[in-house]
1. Filter segment 124-151 down to the residues that are over 18 Å from Ser36 (Cα atoms) and in contact with a Phe, Trp or Tyr (Cβ under 7 Å, 6 or more places away or on another chain) and list them by number.
2. Thr72 is checked against (1) away from the ligand (no atom under 16 Å from the Cβ); (2) hydroxyl-bearing (Ser, Thr, Tyr); (3) under 30 Å from Ala145 (Cβ atoms) and fails just one. What number does that condition carry?
3. Against the definition (among the charged types (D, E, K, R), without any contact (Cβ under 8 Å) to a residue 40 or more places away in the chain, open to solvent by less than 30 Å² (accessible area, probe 1.4 Å) and within 16 Å of the ligand (Cβ to nearest atom)), how does Glu112 come out, yes or no?
4. Considering only residues that are touching a residue at least 60 places away in the same chain (Cβ under 8 Å) and β-branched (Val, Ile, Thr), look in segment 35-87 and name the one that is farthest from Glu12 (Cα to Cα).
5. All but one of (1) of a type in the set (Ser, Thr, Tyr); (2) open to solvent by less than 80 Å² (accessible area, probe 1.4 Å); (3) modelled with pLDDT of 95 or more hold for Thr120, so report the exception by its number.
Amino acid sequence: MEKALNEQYVKELYSAYLYLSMSKDMKREGFTGYASWLKVQHDEELEHAFKISDYIEDREGVTEFGAIDAVTQHFDCPCQVSEAALKHEEFISDSIRSLFKQARAEGDLETEVFLQWYITEQVEEEANAHEIVDGFKATEDDKAAFFSFDQSLKAVSYTHLRAHETSAHL
Ligand code: MG
């Protein structure tokens, strides 16, 4: 279980790395709303990773720093980014489900309970990713609406960030 959790730790770090790359691509292309949303995702993925390493250590395990894959693909269109982000979140959800099944098979009740947070989180991540795919798709033939949808993501990510900061201080 510890080995599998360490692998998930690296996957969450890779998620952060991927979102940061996507954020920079979108900033370069002038989609500053989506860029800021993606930067918030980067920060959240780091927290997902830290939560796992804290848990490993709470259980007297050792956090292993495996290799993080390179991000080699660049994007110039938000539509492509949103599709790729959704695909990535689906991959992470599958990975969390496998971890949960392993914990259950091993009778590791503590890890099962720990992973429940991630299962719930993935439902939200996939729902958000779907919403963004739909938003860019629905507006792609109307330049003004397309940019307006992009800018709406900036407002969303700031609200999200503020909520996040507030809860972190509680
Ligand atoms: Mg994550």
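1. Residues satisfying the conditions are Thr139, Glu140.
2. So the condition that Thr72 fails would be (3).
3. Criteria not met by Glu112.
4. Among them, the one singled out is Val62.
5. So the condition that Thr120 fails would be (2).
The values are calculated or read from the model by the stated rules, or taken from the named source; none is laboratory data. Computed from a predicted model, the values in this text were never measured in an experiment. FYI the Cβ positions are ideal-geometry reconstructions off the backbone, even for glycines, and counts take in every protein chain you see. Surface accessibility is based on the protein's heavy atoms, side chains included, excluding ligands, DNA and RNA. Shrake-Rupley method; radii C 1.70, N 1.55, O 1.52, S 1.80 Å.
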